[in-house]
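This report concerns only the one structure given below.
The values are calculated or read from the model by the stated rules, or taken from the named source; none is laboratory data. Note that the structure is predicted; figures quoted are calculated from it, not measured. Note that we place each Cβ from the backbone using ideal geometry, even for glycine, and neighbour counts take in every protein chain shown. Ligands, DNA and RNA are excluded from the accessible area calculation, which covers all protein heavy atoms including side chains. Shrake-Rupley method; radii C 1.70, N 1.55, O 1.52, S 1.80 Å.
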Amino acid sequence: MAARDFSISNFMARVDALGGPAKKHKFSVHVKQPDSLQSSVQADSIDFLAKSVSFPAKALATTDYRYGGKFSLAVPYEVTYEPVGITFMNTADQSPRIFWNDWFNHIQDMNNYNMRYYEKFIGVVTLNQYLDEADSIDPSNASYQVTLHEAYPKGMSAIEVGWENADLQDFEIDMQYSWWTASGEATPQHQGH
């Protein structure tokens, strides 16, 4: 490896060689609801209201392997995935909230409290990041794309209102998923179940 100096110009030249720094402000969220979900609000009519999103994290669950009582070694045994938080701006007709509440009611029928089969309530969520030069939302031109497979809403936050607060309403949806894939990464031999 060649020696490098600590100059800003050297650092920026190396960052530019990798496409430049990634910025947070140009992104889109695309939600594909389950085919069997009936809602008066369609996902593509509220996608643009996503005001922030977290790209998914990944961690390895480990167990301690002990050898001869002398030392302990943390050994991974599975990948764990935490829910992804998506913050939506709400509208006066409550369309975003209605859509997500319909999905929750689709998972568990509140008339009889029966849970629907897993395959019937999962969808797909795609998170797209765009370069600073992008002037339109077009997932085929995303610089980075993450797909949450077998996704469903796990939680929906409350919306607090009050006489002293004229701020815009927003709420967070926590999306659970089985696994995620990202553009530009090597594809594993086996994904999912």
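Restricting the search to the range 125-154, which residues are part of a strand (DSSP E or B) and open to solvent by less than 50 Å² (accessible area, probe 1.4 Å)?
Scanning the range 125-154 gives 125, 126, 127, 128, 129, 146, 147, 148, 149, 150, 151, 153.
Hey, can you tell me all the residues within the range 1-58 that are under 24 Å from residue 139 (Cα atoms) and aromatic (Phe, Trp, Tyr)?
Correct list: 27, 48, 55.
For the condition within 29 Å of residue 40 (Cα to Cα) and either within 17 Å of the chain's Cα centre (by Cα) or not hydrophobic (A, V, I, L, M, F, W, C) (or both), what is the one hit in 157, 143?
Of the residues listed, the single one that is within 29 Å of residue 40 (Cα to Cα) and either within 17 Å of the chain's Cα centre (by Cα) or not hydrophobic (A, V, I, L, M, F, W, C) (or both) is 157.
Check off (1) at pLDDT below 90; (2) open to solvent by 50 Å² or more (accessible area, probe 1.4 Å) for residue 192 and give me the number that stays unchecked.
Here residue 192 meets the rest and fails (2).
Step by step: first the residues of the range 166-182, then only those that are outside any strand (DSSP E or B) and open to solvent by 40 Å² or more (accessible area, probe 1.4 Å), then the one that is modelled with the lowest pLDDT. Which residue is that?
The extreme case among them is 166.
Before we move on, is residue 6 in a loop (DSSP other than H, G, I, E, B), open to solvent by 100 Å² or more (accessible area, probe 1.4 Å) and farther than 30 Å from residue 97 by Cα? Even if it seems obvious, please write down each step before you answer.
Working: in a loop (DSSP other than H, G, I, E, B): yes; open to solvent by 100 Å² or more (accessible area, probe 1.4 Å): yes; farther than 30 Å from residue 97 by Cα: yes.
Yes, satisfied.
Select, from 98, 107, 137, the only residue that is in contact with a Phe, Trp or Tyr (Cβ under 6 Å, 6 or more places away or on another chain) and of a type in the set (A, V, I, L, M).
107
Out of the range 1-60, which residues are modelled with pLDDT of 90 or more, over 24 Å from residue 177 (Cβ atoms) and acidic (Asp, Glu)?
Correct list: empty.
Based on what the data block shows, is residue 41 farther than 18 Å from residue 154 by Cα, aliphatic (A, V, I, L, M), open to solvent by less than 50 Å² (accessible area, probe 1.4 Å) and in a loop (DSSP other than H, G, I, E, B)?
Details: farther than 18 Å from residue 154 by Cα: yes; aliphatic (A, V, I, L, M): yes; open to solvent by less than 50 Å² (accessible area, probe 1.4 Å): yes; in a loop (DSSP other than H, G, I, E, B): yes.
For residue 41, the condition - farther than 18 Å from residue 154 by Cα, aliphatic (A, V, I, L, M), open to solvent by less than 50 Å² (accessible area, probe 1.4 Å) and in a loop (DSSP other than H, G, I, E, B) - is met.
(1) touching a helix residue (DSSP H, G or I) at 6+ places or on another chain (Cβ under 8 Å); (2) of a type in the set (Phe, Trp, Tyr); (3) without any contact (Cβ under 8 Å) to a residue 24 or more places away in the chain: which one isn't true of residue 117, the others all being true?
Checking residue 117 against (1) touching a helix residue (DSSP H, G or I) at 6+ places or on another chain (Cβ under 8 Å); (2) of a type in the set (Phe, Trp, Tyr); (3) without any contact (Cβ under 8 Å) to a residue 24 or more places away in the chain, the one that fails is (1).
Going by the structure shown, is residue 150 under 19 Å from the mean Cα position of the chain (by Cα), at pLDDT 95 or above and of a type in the set (D, E, K, R)? Break it down stepwise before answering.
Numbers: under 19 Å from the mean Cα position of the chain (by Cα): yes; at pLDDT 95 or above: yes; of a type in the set (D, E, K, R): yes.
Yes: the conditions hold for residue 150.
Take the residues in the range 95-118 that are at pLDDT 95 or above and of a type in the set (D, E, K, R), then tell me which one is surrounded by the most Cβ atoms within 10 Å (Cβ to Cβ).
If we take residues in the range 95-118 being at pLDDT 95 or above and of a type in the set (D, E, K, R), then 97 is surrounded by the most Cβ atoms within 10 Å (Cβ to Cβ).
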